[in-house]
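The values are calculated or read from the model by the stated rules, or taken from the named source; none is laboratory data. As the structure is a computational prediction, the values presented were derived from the model and not from experiment. Here Cβ is always computed from backbone atoms with ideal geometry, including for glycine, and neighbour counts include all displayed protein chains.
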Amino acid sequence: MVAKKFTMLGLALAMTAALAGCSSGGKSAGNSASPAASPSGSSPSASASGETAKEDLTPVTFTYFNANAQIPDIDSNKTEIGKKLEEQTGVNFKLQFPVGDVNTKIGTMIASGDYPDVLAPDTAIDKVLDAKGFIPLNDLIDQYGPNVKRVYEPYFNQMKAADGNIYFLPFSPVVGEYISNPTIDQGAFFIQRRVLKEFGYPKIKTLDEYFDLIKKYYDAHKGDNLTGFTSLTYDWRTMGIFNPPMHLAGYPNDGDVIVDMQTHEANVYADDDYTKRWLKKLNEINSEGLYDQSSFVNNYDQYLAKISSGNVLGFFDYGWEVDQALQNIKKTGNDDLDYMPLPIVFDDSVTDQYLDPPSFIDNRGVGITTSAKDPVRIMKFFDNMLKEENQVMIQWGFKGETYEVDDKGRFYRTQEQIDKLKDNATQQSIGFSYFNYSWPMYGQGSTLSDGNSFNAGRQPEVAQASFTEGDKLILDKYGVKTFSELFAKPEDRPWYPAWSISIEQGSPAQIFQQKSKDVKLKYFPKLVLSKPDQFESLWNEYLKEFGKLDVKGFENTLTQLIKNKIAKVTGSSN
Amino acid sequence: MRNSISVAAQSPEALPRPSGVRRFFKLLLKQRTLVFMSVPFVIWIFVFKYLPLWGWTIAFQHYRPNLGLFEQEWVGLSQFKFLFADESFIRVMRNTLAMAVIKLVLGFVTAITLAILLNELRMIVFKRTVQTISYLPHFISWVVAANIISTALSIDNDGIVNKVLMWLHLIDKPIMWLGVGHYFWGILGISEVWKDVGWNTIVYLAAMTMIDPSQYEAAEIDGASRFQRILRVTLPGLKPVVIILLIMNLGNILETGFEPQYLMGNGMNADYSENLEIFVLKYGISMGNFSLATAAGIFKTVISFVLLFSANSIAKRMGEERLF
Amino acid sequence: MQAPVKKVYKRFRSPGDRLFDTINVLLLLGLTVVTLYPFVNTLAVSLNDANDSIRGGIYLWPRDFSWGNYKYVFKEATIFHATLISVLRTVIGTVVTVLASAMVAYTISRPEFVLRKFVTVMFVLTMYLNGGLIPNYLLIRDLHLIGSFWVYIVPGIIGVFNMIVIRSFIEGLPEGILESARIDGAGEFRTFMRIVLPLSMPALATVALFTGVYQWNSWFDVFLYNSQVPDLSTLQYELMRMLANSNSNSSMTSASAFANSGNDNANYVTPTSIRATMTIVASLPMILVYPFLQKYFVKGMTLGGVKG
């Protein structure tokens, strides 16, 4: 269920941005443009802004169905940001979000031909394209989209469909230098801080070191009813057991495959030594009593409850998936029970690649549908949104309300502002929840022309201000300023992430993904929970079963898709 | 079926047979009230249930919802082939049938038993309270129910089932109930009973109100015991409803649901928890393949019809209540 | 059940009877405990602080009592309007369905009716036929039912299962009654209204309950057909929407990962706690209404005058 995975990630990204970029009042919004536009003479927004006076500002309302988020429906002009954008353009949007299954909803739209004016179909985008539900944007961009062009032009190659038209605008065009997330919302091996504390904050890098430390602590505290290590294997949330081999071997999250840096060949690692080594290690710690036996039957709620209990010493997961539990621990105020994310690898010689490299997700986005009443006004609205001062507004909000600017022109947030913005209702009333994702926009990790981070959450000043005392202490012990500093810089991978590459629905490759998942789900519990002397024979049995699937065919398909993507990406950079 | 006495007068056999068609229309005219009371609804059902059956063509297409019926790409039986040729199909069908039989038998037996037990209760307040409470779990969605069940079956501290069994010395170490495949059918069956037994009882309770009390009195005078009264009066009184429900449910036998299987299924019990609906969910709906889902639907309908007509004709031959 | 029967039982209570009664009461008490638990547990979770509930381990009562989940559910006024629509569709839908089903059930219970078999088969087969989502959607659109209240009523006018249940009851009515009505010169329709309907109350109450619960719990038709029309939204749909929103609320905090200290704002909710709360909110009316229907099939009815 790669698609699901992506949805969650997208959501997580969107929300990171939402959280980071909050504000409360729209009254001072007029000033917000100035700091953004001031430093560079060739202001990124200048080209179109001169014409604004002549623009058609008669009020108009469009509908936008956004499948990327699940937030209350609203009229965009009921939010502060939406109000501001309406003042600039006269355009109001009825924003609608799915309640039930997105595929069903979009299926009925396609079958009836009745679309909203603007549509972000999330994973159902291929179907909408297939049904020719979007209108081509090329001419509209040429005529009315100077800012769209500025932001998206480097990616035009990747955005073009086979017929040469652009049908939708993705959400991830990185503008300026790429800034990584200072916190770990992606994959990591987590370890409880009391373990590190007890042994004097040792530097641990390999899987053996990681489990040795957990074992040492576990043995020293027998009787405390501790769990050494747990994993989640429920529904589509199987990454906690499937993905570690890839990360331990020094690769970022490419889903089912590891992609060779030189040859760009995709290799399914589920039947590799990497996976064998990982499972053997789990088998070993299981025989030592460190592994949580119910890992393979627990549902998501039970897993979160387990981690929240503070009795689990370690686990592998993606930050966004366990965050509810981690927040809960933070709330207890007991820093010992909190966790530290670490970039664990198999061997000392391996460079970790946990952090996401900058990536352009070219199969998610927002388009104008064939039912749209006035595509020109919509394109003008999009273009207006992409002016830099408006990009500042959708992420940072309003100066003096949701962010401040110091004398060097750096944006920051006061503690009070940060606290205020933790409230979902505030996020919604300002409009961050509605505007900081799912629109034509700068991609996550972009840099504004004045050097500030586009995402408030990635601005070091903001990240610092939101750390707890315990966070600061442990960062200090490891001599870093942010959690991501412990992780290696991501290398450039033009195809990244392979899991987001569209695989045709119902194709053999997609069926392979489902089947291989089933085989893994069936055998991994046996491999981990068996007696150590049975491991080898079970592994061979598993290989035999896995070998029945068309692994080669899947790898070839993916390799081809990756090569296509690389060709498009590198083609565009020339 | 009772053959009412009134029929005799107008029964077809009794009339001379001038011509079938004419006789038919004559009768129709005579029964025009009955016609007016039913035929408009037949038209309704034709529009709402039969017209959309053109959708079955989707099973034979590479379906694109934006195209009309004649613009579709026809792929013949490939969806059916995918369904039947899959190596897991036999296993999936085995699980479906096992779940269905367990559900059918357990469902009927428990609901009828509960209805009888309630009927034998003398304290009306207690009776109504028990009945109301037993109906509550029906309103708990499977997501919530599955969570409660998983927790109860856990090997951790909060697993009450293991705790009780250990306390009773029936087991000496906790069992990972959801981690052992062949327990799954049983767990599912019990869960379904737990959730719906009270709800399913309602129709039998209603049927019991139709039993003529004088029959109990007569049995009493004959010196029948409690059990004999249940056997001779209550059960025969329920028989028509039971048979009708049984025939209808047999037709639905492949509808074993997917929620509990999906929510309580995992890699360790997948060999026993995956049924037809889960299969369709995985390879049809979640891949946006409407065609596979439709093909599976047609397959289910065919099985339903076979079972329905067989059950109905068996009931007919045995001289019992039948569906049509 | 019946007064005279009761007396008879009382007079001859043998030791075997006593044993039976004792075991019966014990069994049913056990059942009560087991079936009450999920509801009590759900109530406890709904009254517990959402953030605290993540830790699990809530059984019979809340650990960290809070009205937060209920405040979240009732914070928007739209839910009251949605409840009104739910009540309307439940009442109208149930009355229409019960009457229509009973009417057709009556016709196919008449052995002399020439179309009896045809009508029965036409209806029965549809229980196992489904054209699929898209064809149904297109039909509803072509009938101009999208965006209309009647889309909740018209497609479900007759529940075939319910109809068959009613037929089975009508056929069980004492034979003489319908006959005597007809001899009195009553037409079919009058017989149906005056005699069949009142005598079938237990069946009608049962079917009304099935239909009412179905109508009350429906949200998928709102999602498919009326999601653009806020005025026709129903309680269940609004609750589903809140559940969906709570999903994204909890992933919103997820994104904050280590960037933020504990999140203790008042409107923090999780899918688990919202699901518990919506279960209580949605099922309470059904539970409160239940005793009024229950009396028709639990107390038992006297067939009094009919018997003779």
- line: Checked pairs for segment B:211-225, first assigned to a helix (DSSP H, G or I), second at pLDDT 85 or above and aliphatic (A, V, I, L, M), C-beta under 7 Å and 6 or more apart or across chains, list as B:Q215/B:V233; B:Y216/B:V233; B:A219/B:V233
task: Kindly check whether there is at least one residue in segment A:454-463 that is away from chain C (no Cβ under 11 Å) and basic (K, R).
output: no
- prompt: Restricting attention to segment B:21-67, which residues are surrounded by fewer than 16 Cβ atoms within 10 Å (Cβ to Cβ) and in contact (Cβ under 8 Å) with a residue 40 or more places away in the chain?
  reply: B:H62
- prompt: Of the residues C:Y214, C:Y237, which is under 16 Å from the mean Cα position of the chain (by Cα) and within 14 Å of chain A (Cβ to nearest Cβ)?
  reply: C:Y237
statement: Scanning segment C:108-119 residue by residue, the ones that are without any contact (Cβ under 8 Å) to a residue 40 or more places away in the chain and either more than 7 Å from every other protein chain (Cβ to nearest Cβ) or assigned to a helix (DSSP H, G or I) (or both) total 4
- request: With respect to C:F149, determine if the residue is within 7 Å of chain B (Cβ to nearest Cβ), touching a residue at least 24 places away in the same chain (Cβ under 8 Å) and over 22 Å from B:L292 (Cβ atoms).
  value: no
task: Among the residues of segment B:270-296, write down those that are closer than 19 Å to A:E504 by Cβ and of a type in the set (V, I, T).
output: B:I285
statement: Of the listed residues (C:V40, C:V45, C:V33), the one being within 14 Å of chain A (Cβ to nearest Cβ) and within 27 Å of B:I190 (Cα to Cα) is C:V45
statement: Counting only residues that are within 9 Å of chain C (Cβ to nearest Cβ) and of a type in the set (S, T, N, Q), segment A:286-333 contains a total of 7
- prompt: If we scan segment B:121-138, do we find a residue that is at the interface with chain C (Cβ under 7 Å from one of its Cβ atoms), among the polar types (S, T, N, Q), in contact (Cβ under 8 Å) with a residue 60 or more places away in the chain and buried (at least 20 other Cβ atoms within 10 Å of the Cβ)?
  reply: yes
message: Being exposed (fewer than 15 other Cβ atoms within 10 Å of the Cβ) and more than 30 Å from C:A203 (Cα to Cα) is the filter here; which residues of segment C:79-102 pass it?
response: C:F80
field: Hey, A:W320 in contact (Cβ under 8 Å) with a residue 24 or more places away in the chain and under 20 Å from A:I501 (Cβ atoms) or not
entry: no
query: Applying the selection to segment C:42-79, what residues are hydroxyl-bearing (S, T, Y) and under 28 Å from the mean Cα position of the chain (by Cα)?
result: C:T42, C:S46, C:Y59, C:Y70, C:Y72, C:T78
message: Here's a check for you: in segment A:520-574, which residue that is in contact (Cβ under 8 Å) with a residue 40 or more places away in the chain and assigned to a loop (DSSP other than H, G, I, E, B) is farthest from the chain's Cα centre (by Cα)?
response: A:K531
Residue that is nearest to A:V519 (Cα to Cα), among those in segment A:286-303 that are in a helix (DSSP H, G or I) and under 31 Å from the mean Cα position of the chain (by Cα): A:F296
message: I'd like the full set of residues that are of a type in the set (K, R) and closer than 19 Å to A:L448 by Cβ, limited to segment A:404-421.
response: A:K408, A:R410, A:R413
task: Please find, among A:Q510, A:Q514, A:Q505, the residue that is within 24 Å of the chain's Cα centre (by Cα), in a loop (DSSP other than H, G, I, E, B) and more than 20 Å from A:L355 (Cα to Cα).
output: A:Q505
query: Which number in (1) facing another protein chain (nearest Cβ under 9 Å); (2) at pLDDT 90 or above marks the one condition that C:M1 misses?
result: (2)
- line: Scanning segment A:81-120 for residues that are within 14 Å of chain B (Cβ to nearest Cβ) and touching a residue at least 60 places away in the same chain (Cβ under 8 Å) gives A:G113, A:D114, A:Y115, A:L119
field: Count - residues of segment B:268-288 that are touching a Phe, Trp or Tyr at 6+ places or on another chain (Cβ under 7 Å) and within 9 Å of chain A (Cβ to nearest Cβ)
entry: 2
statement: Sole miss for C:F161 among (1) at the interface with another protein chain (Cβ under 10 Å from one of its Cβ atoms); (2) of a type in the set (F, W, Y); (3) under 19 Å from the mean Cα position of the chain (by Cα); (4) crowded, with 22+ Cβ neighbours inside 10 Å is condition (4)
field: Scope segment C:54-83; condition more than 9 Å from every other protein chain (Cβ to nearest Cβ), within 24 Å of A:K331 (Cβ to Cβ) and hydroxyl-bearing (S, T, Y); matching residues
entry: C:S66, C:Y70, C:Y72
Pair list, Cβ < 8 Å and 6+ apart or interchain, from segment A:419-444 residues that are free of Cβ contacts under 8 Å to residues at least 60 places away in the same chain to residues that are buried (at least 23 other Cβ atoms within 10 Å of the Cβ) and not small (G, A, S): A:N424/C:N249; A:N424/C:M252; A:N424/C:Y268
query: Can you spot a residue in segment B:240-257 that is facing chain A (nearest Cβ under 10 Å), within 19 Å of A:N299 (Cβ to Cβ) and not in a helix (DSSP H, G or I)?
result: no
statement: Residues of segment B:150-200 being more than 9 Å from chain A (Cβ to nearest Cβ) and closer than 21 Å to A:L521 by Cα, in sequence order, are B:I175, B:V180, B:G181, B:H182, B:Y183, B:F184, B:W185, B:I187, B:L188
- request: Go through segment A:211-233 and give me each residue that's crowded, with 16+ Cβ neighbours inside 10 Å and within 17 Å of A:L337 (Cα to Cα).
  value: A:L213, A:I214, A:K215, A:Y217, A:Y218, A:L226, A:T227, A:G228, A:F229, A:T230
task: Answer yes or no as to whether B:I244 is under 28 Å from B:I314 (Cα atoms) and crowded, with 18+ Cβ neighbours inside 10 Å.
output: yes
message: Looking at segment A:157-181 only, could you name the residues that are of a type in the set (A, V, I, L, M, F, W, C) and surrounded by fewer than 16 Cβ atoms within 10 Å (Cβ to Cβ)?
response: A:A161, A:A162
query: Quick check: is even one residue across segment C:254-275 at the interface with another protein chain (Cβ under 7 Å from one of its Cβ atoms), out of contact with any helix residue (DSSP H, G or I) (no Cβ under 7 Å at 6 or more places or on another chain), at pLDDT below 85 and assigned to a helix (DSSP H, G or I)?
result: no
